[in-house]
1. Kindly list the number of the only condition in (1) under 13 Å from the mean Cα position of the chain (by Cα); (2) modelled with pLDDT under 95 that fails for Phe45.
2. Quick one: count up the residues across the stretch 29-42 that are closer than 22 Å to Ile88 by Cα, at pLDDT 95 or above and not acidic (Asp, Glu).
3. Tell me whether the stretch 59-66 contains one or more residues that are modelled with pLDDT under 95 and touching a helix residue (DSSP H, G or I) at 6+ places or on another chain (Cβ under 6 Å).
Amino acid sequence: DPHGRVEIYKAEDLAARVEGLIGVRGVAKRIRELSAQVSREEAAFKIIEEIVNGKFGEYEEEEAADIAMRTALALMTEGITAAPLQGIEKVKICQSAGTRYLAVYYAGPIRSAGGTEQALTVLFADYLRILLHLDKYRINEQEIGRFIEELRLYERKVARFQYHPSDEELRHFLRCIPVEVA
């Protein structure tokens, strides 16, 4: 897929890389301001809040959640991995049994993000859920069983993990996660 021009622009710093990756105008300036005051993790949560509250433009709830999640992940991975663009398939507000909850659709393990960044996406999603006044996700036993089976198949057929939680640990974890991990 060759082009007659360089497709990637030159970014002067992390803030510019994040803005360039995600495309939210004005976020680079705010990241620079926050970086002088707080840790990168705190800046990511603040950016999530500001995107949801419309500081960088008006978005529908679902679009705001998606953009906020990707922006925070881009900030945490320093804008140098594909995780914010390709590791998350979509962020969606779902409905079931009269409740509205947040679901994050991952494109498999976010290999280009580290374990900490992967785990932070669930915290980011929970924070988004709270900001958007959404219910906690209530997983059912059939979904728990399917999740465990898919995980075990992935472990056997595709990749090995460093840590292998028991089925009971997985059941406990899955019941406690307030967003759908899809």
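The values are calculated or read from the model by the stated rules, or taken from the named source; none is laboratory data. This is a predicted model, so every value here is computed, not measured. Note: ideal-geometry Cβ built from the backbone for every residue, glycine included; neighbour counts use all protein chains shown.
1. (2)
2. Qualifying residue count for the region: 1.
3. No, because not a single residue in the stretch 59-66 is modelled with pLDDT under 95 and touching a helix residue (DSSP H, G or I) at 6+ places or on another chain (Cβ under 6 Å).
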